[in-house]
Structures are given as C-alpha cells and as structure tokens.
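The values are calculated or read from the model by the stated rules, or taken from the named source; none is laboratory data. If you're wondering where the values come from, they're calculated on a predicted model, not measured in any experiment. Reconstructed Cβ throughout: ideal geometry from the backbone, glycine too, with neighbour counts over all protein chains shown. Surface areas here come from the heavy atoms of the whole protein model, side chains and all, with no ligands, DNA or RNA. Shrake-Rupley method; radii C 1.70, N 1.55, O 1.52, S 1.80 Å.
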Amino acid sequence: MLNRMEMVRIFCTAAEAGSFRQAATRLGISPQGVTRAIQALETELGESLFHRNTRQVSITAFGQDYAKDARSALDHFDTLFRSHRTEPELSGRVGITAPHAIGRRFLIPFLQPLAAAHPDLQFDLRLEDQMTDAVEAHIDIGIRVGVIRDRRYVARALAPVPFYVVACPSLIGQKTPPESLDALAKLPLSVLIDRKNGRPWPWLFADGQTFTPRQPALICDDPDTELEATLAGMCFGQIPAYLAEPHLRSGKLVAVLADLAPAPWDLFIYRPQQGPVSKRVRLVYDHLKQAFSNPKLFPQGLGT
C-alpha cells in the first residue's frame, strides 16, 4: 500500500506528463500502478483530480490547484535531504570519547584545525577511562588503549603504547636503581586504581609477568596525578609513553628496568559498526586517525 507522499509524487508526475502512461515511464512503474495511486489519492481527498475517457485524461480545476500545493510540499520535503547531503561535513555534532589523560593532552590540539576550518562542527567530548557505550552516550568516534573485543565496533590500531618504569633523578639518587622485581618491590611505588571497580591496575612486565605493589607510597585513580607525584620525587611509577616520553627526553624522569619492559599495548580508534557514516564523522575520524598515527604528534616510544 502506497503512503501519502508516494501517492502525491505520482500525481504530480502525472500532472506534469499529461498522461498516466507517460508518468509511468518516467517513474519506472506500470500504468496500472499510476492509475491505482491516483484513484487512492482521489478517495483520500474526496475530489476528482483528472477527467478520464477511453482515449485521454485531463486534469480538473481542483487537480490544477492541488498540483501547485503538492509540488511546493514535495520540493520542501526534498530539500530536507538535499540540504543534509550538500554540506554535512561542515556542520553538526560529532561525539568523541577518550581516556582522560589522552583527551586532555591531545584531543583539543588535534581538533583545533578542524574547528578553525569548519566552525559549524560541534565536538561533544566525553572523557572516560573505560569503554563508553556508544549508543547510550551518542558516541561517533572513540579512542582507547588496550584491546577492543566488542564486535559492535569497527576498530583500527593506530600507534604502539610502551610503558616505562620511571622516577625523577633526585629519587634515583637517593635509592639504588632496581635491577629486578624483588628490588623494585622495596622502593616507594605508585598504584593506579581502576575507577570502574576500585581495584589496582597491576604493573606489567616482559613475558607476561605482573606485579602489584603491596605497600605503595601513592594510591590514586588519575594518571596525571600519578605522573605529577612521580615528577615530584614521591615514588616510582609505571607510566605510558604518551605521558612519560616528554619528561624522559627533558631529563625530568629516568627509566629503569628497560630489560623487563612489557610488550607495548595498542592505541585504537573505533566507531560503531551499525549504520552509515556521515561525512562530518568521516572527516573527523580520518583526521584523528592521521594525527594519532604520527609519532611527532603522539609519542610512541623513545625509538620513534
């Protein structure tokens, strides 16, 4: 059964064509389909739209007036889709999620050129250290470190994320640099708490070894606070490269136990798998993919 918009569109085509057969040819349907649509619309309106005989049809006076209003309504309806498709990348909301530390340090600098080039884009940033439900939070693009197993998302690895055991030079000067995990356990250490479950994140080492400090000098749930405490000489910390590398290069931090470093994790960009991807989301997705893949913009280890 045809909906009202389809019936009106068929009627307008018939009014312009001057015959049901010609309208059927333009629309790619049968002449009987045009006849049925016109009859259904006439029943809906309670008025005749065409005079008919065995040889020809001609539009009625009511049909002529109705055709003007109908064509105006159809043109307005079609502009809803034409205007949406002409400049979708220039305006509209893009929902982005990322871990707090990455969002604070990298998202704004990375998004600033897009904001300048496309001032009608709206960036809705949701910083979470855990995976965010993309549907519930209206997320278009996500940045995450680790593994993404959820099949609802299309994920792509962009950069390695090494981890370093680090301390400031003054603390290392006060303590003997550790050469084993047993020696490390005797030093003042930090513990980062998982905000979701309240449990400590274990320290990771080569060959799948893990280590959780039993009496840490610092317990916190914020990577930036952990970094600040490490820079202040309060403790040794295991810090990801994107936080530690600038301070390692400047000499404010020193890495130890390099031989026991774990395999790097991956930084992923992801998006929901369902549905089409709008041009504005694709624009931001491709821009962030390029930015996070660039070791000059996103630290990926001292060897890069």
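Among the numbered conditions (1) at pLDDT below 95; (2) part of a helix (DSSP H, G or I); (3) open to solvent by 20 Å² or more (accessible area, probe 1.4 Å), the only one that Arg214 does not meet is (2). Return yes when Leu260 is under 32 Å from the mean Cα position of the chain (by Cα) and surrounded by 13 or more Cβ atoms within 10 Å (Cβ to Cβ) and no when it is not. When the stated conditions are applied, Leu260 does not pass them.
Among the residues of this structure, Leu288 does not count as one that is touching a Pro at 6+ places or on another chain (Cβ under 9 Å) and aliphatic (A, V, I, L, M). Report yes if some residue within region 5-16 is over 47 Å from the mean Cα position of the chain (by Cα), on the phi < 0 side of the Ramachandran plot and either in contact (Cβ under 8 Å) with a residue 40 or more places away in the chain or open to solvent by 70 Å² or more (accessible area, probe 1.4 Å) (or both); otherwise report no. Within region 5-16, not a single residue is over 47 Å from the mean Cα position of the chain (by Cα), on the phi < 0 side of the Ramachandran plot and either in contact (Cβ under 8 Å) with a residue 40 or more places away in the chain or open to solvent by 70 Å² or more (accessible area, probe 1.4 Å) (or both).
The set of residues in region 241-291 that are in contact with a strand residue (DSSP E or B) (Cβ under 8 Å, 6 or more places away or on another chain), in a loop (DSSP other than H, G, I, E, B) and either among the polar types (S, T, N, Q) or over 14 Å from Tyr164 (Cα atoms) (or both) comprises Gln273, Val277, Ser278.
Looking only at region 236-257, which residues are within 30 Å of the chain's Cα centre (by Cα) and surrounded by fewer than 17 Cβ atoms within 10 Å (Cβ to Cβ)? If the condition is that a residue be within 30 Å of the chain's Cα centre (by Cα) and surrounded by fewer than 17 Cβ atoms within 10 Å (Cβ to Cβ), then Pro246 is the only one that fits. Within region 81-98, being at pLDDT below 90, polar (S, T, N, Q) and farther than 15 Å from Leu114 by Cα holds for Ser83, Thr86.
Kindly evaluate Ala159 against the criterion of being at pLDDT 90 or above and small (Gly, Ala, Ser). Judged against the criteria, Ala159 is a match.
Comparison of Ala67, Ala23, Ala37 shows that the only residue that is surrounded by 13 or more Cβ atoms within 10 Å (Cβ to Cβ), under 44 Å from the mean Cα position of the chain (by Cα) and in a helix (DSSP H, G or I) is Ala37.
Here Phe298 passes the criteria (1) closer than 30 Å to Pro178 by Cα; (2) part of a strand (DSSP E or B); (3) within 23 Å of the chain's Cα centre (by Cα) except the one numbered (2).
Remark: pairs (first residue in region 111-130, without any contact (Cβ under 8 Å) to a residue 60 or more places away in the chain and assigned to a loop (DSSP other than H, G, I, E, B); second residue surrounded by 14 or more Cβ atoms within 10 Å (Cβ to Cβ) and of a type in the set (D, E, K, R); Cβ separation under 8 Å; 6+ apart in sequence or on different chains) are absent.
Per the listing Ile193, Ile219, the residue uniquely open to solvent by 20 Å² or more (accessible area, probe 1.4 Å), at pLDDT 95 or above and over 22 Å from Gly301 (Cα atoms) is Ile219.
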